[in-house]
Amino acid sequence: KARHEVFHQEMYDETKELLELQHDSRQAIIENRFFLEYQPIISLKNEFLYGFEALLRWSHPTKGIIYPNKFLGVAKETGLITEIGRSVLHKACQQMSSWQSKYASAADLKITVNLSSQQIQGANFIDELDEVLMVSNLPGSCLQLEINETMLIDSESKTFDLFQQIESRGDRLNIDNFGTGYLSLQYLKRFPINSLKIDRSFTRGMLSDRENFEIVRMIVNLAKTLKIGIIAEGIENMKQLKVFKKMNCQLGQGYLFAEPLNAESAEIFIDR
């Protein structure tokens, strides 16, 4: 009432692009156009390879490579995120199992896979997880599942039982982008969480912004107090690496070590 909004061409373009992505994402599943890249995760103590994070990409026939920030929202709205997530889990576990069969040095490497709330709250998620591990012949101890903070808060009792089942299979649970949500500390104490991942936004600004630096230090100290692991995301230079080493942060990933790699380049990284 008593308002108006001027229509802009940008509004039409954005809506048109969204509708195209909704249509094309369904076709992309059929044509198997979603693929994975692998970013190395490094032990900061000795700079040995710890494992890889599987990162989803979309090879679009006309738009080229599309990154998750452009299409995951659409996938969630259309319900396709569950099917995409199932495929990602399967491909990532198969790939790590293949590397472990090929390289002795890969025997204890971990593969990290991000989960959506729709996927993890699906009625058959545990059965699907068991099937993926069985088919790929990957030990549960080599799979790390990453969730965001809101998944601990939503449907608390159901989520707790689910996470207990995941832990009993030897899989590890990490909280991704920690510090960017509204998680109460009581959840960290209650749920079987193995690691916290420091969001890259904090890493990026910690050398120039005192507040960011203190947030990073607080997260590291919190993880130590709770006796859980800590992973620093977005390490891009030696100064950041030096700070995290001084804090005794255990693991890190970022362009300083390697950008996300295709499977062939990841093999070279393993066998170097």
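The values are calculated or read from the model by the stated rules, or taken from the named source; none is laboratory data. Bear in mind that the values here come from a model prediction, so they are computed numbers and not experimental data. When we count neighbours, we look across all protein chains shown, and the Cβ atoms used for this are built from the backbone with ideal geometry, even at glycine. For the accessible areas, the whole protein counts, side chains as well, though only heavy atoms, and no ligand, DNA or RNA atoms are used. Shrake-Rupley method; radii C 1.70, N 1.55, O 1.52, S 1.80 Å.
Worth pointing out:
- Residue in region 158-176 that is at pLDDT 85 or above, more than 30 Å from VAL220 (Cα to Cα) and surrounded by 15 or more Cβ atoms within 10 Å (Cβ to Cβ) present: no
- Top-ranked residue in region 62-97 [being outside any helix (DSSP H, G or I) and open to solvent by 40 Å² or more (accessible area, probe 1.4 Å); ranked as modelled with the lowest pLDDT]: GLY79
- Residue count for region 45-54 under the criterion of being touching a helix residue (DSSP H, G or I) at 6+ places or on another chain (Cβ under 7 Å) and either open to solvent by 80 Å² or more (accessible area, probe 1.4 Å) or among the charged types (D, E, K, R) (or both): the result is 0.
- The condition (being at pLDDT 85 or above and either open to solvent by less than 70 Å² (accessible area, probe 1.4 Å) or over 22 Å from GLY122 (Cβ atoms) (or both)) is satisfied by just one residue among GLN9, GLN22, GLN39: GLN39.
- Total residues in region 235-264, condition under 12 Å from ILE42 (Cα atoms), in contact with a Gly (Cβ under 9 Å, 6 or more places away or on another chain) and free of Cβ contacts under 8 Å to residues at least 40 places away in the same chain: 2
- Where ARG57 falls short, out of the listed (1) among the basic types (Lys, Arg); (2) open to solvent by less than 30 Å² (accessible area, probe 1.4 Å); (3) more than 19 Å from LEU145 (Cα to Cα): (3)
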